[in-house]
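Below you'll find the structure, written out as structure tokens, and then a few comments.
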Amino acid sequence: MAGDPAAIAPEPGGPRLQAGDKLKVLVFGEDRISGEYEIDPGGDISLPLAGTVKAAGRTKAELEKALATKFRAASLLDPRVTVDIASYRPFYVLGEVQKPGDYPYRSGLNVLRAIAIAGGQTYRASETTVEIQRAGERTMKSYPLSADLPVYPGDLVRLPERYF
């Protein structure tokens with residue numbers, strides 16, 4: 001099953017937030033609210049004044065707007081909210097690589113770098129295709145092995161065996 005070429009393009013607004021991501025929320029002038037928060041398995045974060053807010057599936061910019069709206073409703077006059085990623089959830093590499101496992105996500109990661117982080121290819125590895133299961137998807141899709149193919153937090157990257 002070949003992957004969708006649109007999946008190769010970077011996600012608009014950056015990767016979508018998911019459970020396990022750690023966020024640094026800054027509310028200008030409100031030190032008691034600002035801090036680090038982790039997205040829970042249900043996809044929510046809980047902040048003072050704002051309560052529980054859905055974070056999973058949103059970009060940083062979308063979450064900033066949602067938090068500002070919640071804080072405004074909780075009587076902050078002009079909340080200025082900034083959301084930064086403290087740490088993303090890991091990505092996973094398996095198949096024909098030297099050291100399969102989970103690795104910390106790094107911004108701008110592509111499939112070739114992910115394979116290099118996992119120790120490189122074995123001699124049996126495919127030199128033309130890679131399979132990726134994106135976070136939240138149930139199936140793996142095949143893509144051409146290329147430096148243009150991004151890896152996102154939570155992705156499962158599998159380097160298949162080649163056929164001689």
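I need a count of the residues in region 63-78 that are touching a residue at least 40 places away in the same chain (Cβ under 8 Å) and more than 18 Å from GLU36 (Cβ to Cβ). Counting residues in region 63-78 that are touching a residue at least 40 places away in the same chain (Cβ under 8 Å) and more than 18 Å from GLU36 (Cβ to Cβ) gives 1.
Of all the residues in region 144-164, those that are closer than 21 Å to TYR88 by Cβ, of a type outside the set (A, V, I, L, M, F, W, C) and not in a loop (DSSP other than H, G, I, E, B) number 2. The residue that is nearest to GLY20 (Cα to Cα), counting only those in region 103-119 that are surrounded by 13 or more Cβ atoms within 10 Å (Cβ to Cβ) and not aliphatic (A, V, I, L, M), is TYR105.
Regarding ASP21, is this residue over 12 Å from the mean Cα position of the chain (by Cα) and among the charged types (D, E, K, R)? Spelling it out, it is not the case that ASP21 is over 12 Å from the mean Cα position of the chain (by Cα) and among the charged types (D, E, K, R). If only residues of region 132-164 that are touching a Gly at 6+ places or on another chain (Cβ under 9 Å) and under 15 Å from ARG113 (Cα atoms) are counted, the one that is surrounded by the fewest Cβ atoms within 10 Å (Cβ to Cβ) is PRO144. For region 62-85, does any single residue satisfy the condition of being assigned to a loop (DSSP other than H, G, I, E, B), under 18 Å from LYS22 (Cβ atoms) and open to solvent by less than 80 Å² (accessible area, probe 1.4 Å)? No; the residues of region 62-85 include none that is assigned to a loop (DSSP other than H, G, I, E, B), under 18 Å from LYS22 (Cβ atoms) and open to solvent by less than 80 Å² (accessible area, probe 1.4 Å). Only residues that are open to solvent by less than 30 Å² (accessible area, probe 1.4 Å) and more than 10 Å from the chain's Cα centre (by Cα) were counted in region 86-95, giving 1. Hey, can you tell me all the residues within region 110-138 that are closer than 15 Å to TYR152 by Cα and either modelled with pLDDT under 95 or touching a Cys at 6+ places or on another chain (Cβ under 9 Å) (or both)? Matches in region 110-138: ARG134, ALA135, GLY136, GLU137.
The values are calculated or read from the model by the stated rules, or taken from the named source; none is laboratory data. Nothing here was measured: the structure is a model prediction, and the numbers come from that model. For neighbour counting, all protein chains shown are included, and Cβ atoms are generated from backbone atoms with ideal geometry for every residue, glycine included. Side chains included, ligands, DNA and RNA excluded: accessible areas come from the protein's heavy atoms. Shrake-Rupley method; radii C 1.70, N 1.55, O 1.52, S 1.80 Å.
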